[in-house]
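Below: one structure, written as structure tokens.
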Amino acid sequence: MGGIAHNSYHKSTSKTSMQLKKSILPSYTLFVIIALSISLSLISIGVYSFYLIKGLDTTGFLKHLFQVELSSAIKQFSIWILIGSAFLFYIIWRKAIEREQKLREENLKYKYQNLKSQVNPHFLFNSLNTLSEIVYEDAKIADKYIQKLSGIYRYILENEEIDLVTLNKEIEFVKQYFEIQKVRDNDKILLEIECHNADEFKVVPVSLQILVENALKHNSRSEKVPLKISIERNNDKIVVSNNILRKNILVSKSKTGLLNLKERVKLILDKDLIYEEDNNQFIVKLPIIKP
């Protein structure tokens, strides 16, 4: 879908460029004709008026006009062309900029909607997988899991059309998400959150959930060696880190979720999502803003 949006954008840009090229020549030709007509008219009126005021014979008017006054007409015409051309090309340039900006904004909106639409199916797939594993083990646990899952989807649906949510709201959401993960993993996973003044900041919705989900997806855990996930605020960033406990089985390293989130953050905040490995820790730095 992203490729389609990208191609559509370039096709629209090329089409606009062609339209501008087609409109320039007729517009410029019309302008030259009008400018020439105005120049000749003004010179003709001026010379003819001079003949009338001075009481001269008007039969020699045309001969005098083309033999004597034509050079003046050409000079006046050239000035009109120079001024008018600058004005005309300024208008065309402004229209090109406005159209390009409009196309870019439309492309960004389309691209962002496309990125957001990828969040729900991915999360639903993982949630149903977890539910299928516990439903036959304990019906009460499965029922509790479904109730918590409905609360999570309520949050996702409520913020589907919203670009930013308050940080404290997102933190409460990720706590709820983590609780349904603990239904299966219990003490195998730990979550520590330390974000002061969270109500003063805003963040991309569902971003923390994606980062926590990413840690759970790519790491093993056990009660003896639990997976520890930490969320803390560092100035204008939320730092999400976890100890690296790579799974023995082959897991996709495409980082689709992270790349998706990185693009969303860039589109909304015009800032970069940074992720790195350091001292056996996987660290993600998520930008946040003050409204």
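Observations, loosely collected:
- Fully extending the segment from LYS271 to SER41 would add 76.8 nm, taking 0.36 nm per residue of separation and subtracting the current Cα-Cα distance.
- Spin-label pair PHE89-ASP236: with each label point 7 Å from Cα along the Cα-Cβ axis, the two points sit 4.0 nm from one another.
- Taking the three principal axes of the alpha carbon atoms in the range 213-291, the coordinate ranges are 42, 25, 19 Å, sorted in descending order.
- For the range 193-291, the solvent-accessible area with a 1.4 angstrom probe is 53 square angstrom per residue.
- Measuring against 23 Å, Cα to Cα, the residue pairs LYS217/LYS285; LYS182/LYS224; LYS140/LYS228; LYS144/LYS224; LYS188/LYS262 contain LYS140/LYS228; LYS144/LYS224; LYS188/LYS262 as the ones spanning a longer distance.
- When DSSP beta bridges are restricted to pairs lying wholly in the range 143-232, around 25% turn out antiparallel.
- Against the empirical curve 2.2 N^0.38 Å, the C-alpha radius of gyration of the range 188-236 lands at a ratio of 1.32.
- Loop-resident sites, the range 205-249, for trypsin sites (Lys or Arg not before Pro), counting at most 14 other Cβ within 10 Å (DSSP): LYS224, LYS247
- Gained length - LYS102 relative to TYR48, 0.36 nm times residue gap less alpha-carbon distance: 14.3 nm
- The listed residues ASP278, ASP270, ASP185, once ranked by accessible area (1.4 Å probe) with the largest placed first, stand as ASP270, ASP278, ASP185.
- Residue list for the range 39-57, given a label point 7 angstrom along the Cα-to-Cβ vector of SER78 and an amide N cut-off under 19 Å: 39-44
- Two-site FRET efficiency, GLU161 against LEU190, from Cβ-Cβ distance with R₀ of 30 Å, rounded to 0.05: 0.35
- Residue-level accessible surface for THR59, protein heavy atoms, 1.4 Å, Å²: 110 Å²
- Added length on full extension, which subtracts the Cα-Cα distance from 0.36 nm per residue, SER222 to ILE134: 29.9 nm
The values are calculated or read from the model by the stated rules, or taken from the named source; none is laboratory data. It should be emphasised that the depicted structure is a prediction, and the values quoted were computed from it without experimental measurement. Note: ideal-geometry Cβ built from the backbone for every residue, glycine included; neighbour counts use all protein chains shown. Quick note on the areas: whole protein, heavy atoms, side chains included, nothing else; ligands and nucleic acids left out. Shrake-Rupley method; radii C 1.70, N 1.55, O 1.52, S 1.80 Å.
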